[in-house]
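Visitor: Just passing along the structure, written as structure tokens.
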Amino acid sequence: MERNEMKMRVQALRDFLSTQGYSDSDIQDYLKKKSERQRTQMHRAVVGLFFRNSDFEIIPKALNQWKRWVEQRRLAKQWSRYCLNAMNHPLHWAFRRWKLSEEDARSRLRGVLKKDLVKKIIDDEIALGSAQHRLERMDEAIENLGIQRDSLLQHYIAGQKLALALGRNNHLRTMFRAFIKWKKETRDHEQLLLLQQLERTNGMIQDLMAHVSRLEGIHSNLVAENEELRQAALDGIEIAKAVQDLTRERETLSQDLQDRASTIKRLIEDNNTLAFRLSVAQKEAEQLEELGREATRPERDRYY
């Protein structure tokens, strides 16, 4: 019963794989690889059991560790080589992008059924046929477009020539207008400068008139001052004459004063001599009085 059930399951799996697009040869190859892997694992288990509980128990583990180390070293070399290639070759990333896109396409097609793939191939062939007819029509359209392009190119060249002529005319017109405007601005600017110069000239004339009026006032003041100075000079002349007269009078007075001083000096000397004689006379008078008193005293004593 179990064998029949297993056969039924195996047959159902084969039918399912055939519906998925796998052939009998693919299934046989997969089963062969699977049986070889199982035999290898069984052999390793038997070897491990054989060396168990013996002095060589560590040999299978050592062999497994060595095999794993060799595999890691191979992977390290592979990735190191991959990194060096990525750094040295500029097309590495483009190749990797192409490779990953191919892998992505395979991964997208991995879950697609064979019938769907066949249907898609037929649709792609039909699309290729229609694309070929479309390409032929597109070639004809390209030829027509080439003819139209040539005509358009001629029209474009003519349009460019017209545009250049129009641009030249517009440029000349703009320059002429700019020249007229510049000429007008220049004339207005010259008129403005002349008006400013006229205003400055009027201002200068007014300043000169004011200055002339001030000079006239100063001139009148100077005339009055000159008149005063002339009068003062005449007065000074008169004063100088009076001073000269006074000087002569002073000289005469000084001579009189000198004479009088000498007279006063002689008078003072005479006065001094007279005062000395007076004092001498007074002393002599006192002596005479004293002698008179002494002369009269004995007579008085005699009568008493």
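The values are calculated or read from the model by the stated rules, or taken from the named source; none is laboratory data. Computed from a predicted structure; not experimentally measured. Note that we place each Cβ from the backbone using ideal geometry, even for glycine, and neighbour counts take in every protein chain shown.
Visitor: Quickly run through the stretch 1-40 and pick out the residues that are surrounded by 10 or more Cβ atoms within 10 Å (Cβ to Cβ), modelled with pLDDT under 80, assigned to a helix (DSSP H, G or I) and not charged (D, E, K, R).
Guide: MET6, MET8, VAL10, GLN11, ALA12, LEU13, PHE16, LEU17, SER18, THR19, ILE27
Conditions tested, residue by residue: (1) modelled with pLDDT of 80 or more; (2) in contact with a Pro (Cβ under 9 Å, 6 or more places away or on another chain); (3) of a type in the set (Val, Ile, Thr); (4) in a helix (DSSP H, G or I).
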residue: ALA233; (1), (2), (3), (4): yes, no, no, yes
residue: ASP245; (1), (2), (3), (4): yes, no, no, yes
residue: ARG260; (1), (2), (3), (4): no, no, no, yes
residue: ARG266; (1), (2), (3), (4): yes, no, no, yes
residue: VAL280; (1), (2), (3), (4): yes, no, yes, yes
residue: LEU288; (1), (2), (3), (4): no, no, no, yes
residue: GLU294; (1), (2), (3), (4): no, no, no, yes
residue: GLU299; (1), (2), (3), (4): no, no, no, yes
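Visitor: Restricting the first residue to the stretch 5-33 and requiring it to be more than 21 Å from VAL118 (Cα to Cα), which pairs with a second residue that is of a type in the set (Phe, Trp, Tyr) and surrounded by 12 or more Cβ atoms within 10 Å (Cβ to Cβ) meet a Cβ separation below 9 Å and a spacing of at least six or different chains?
Guide: TYR30/TYR22
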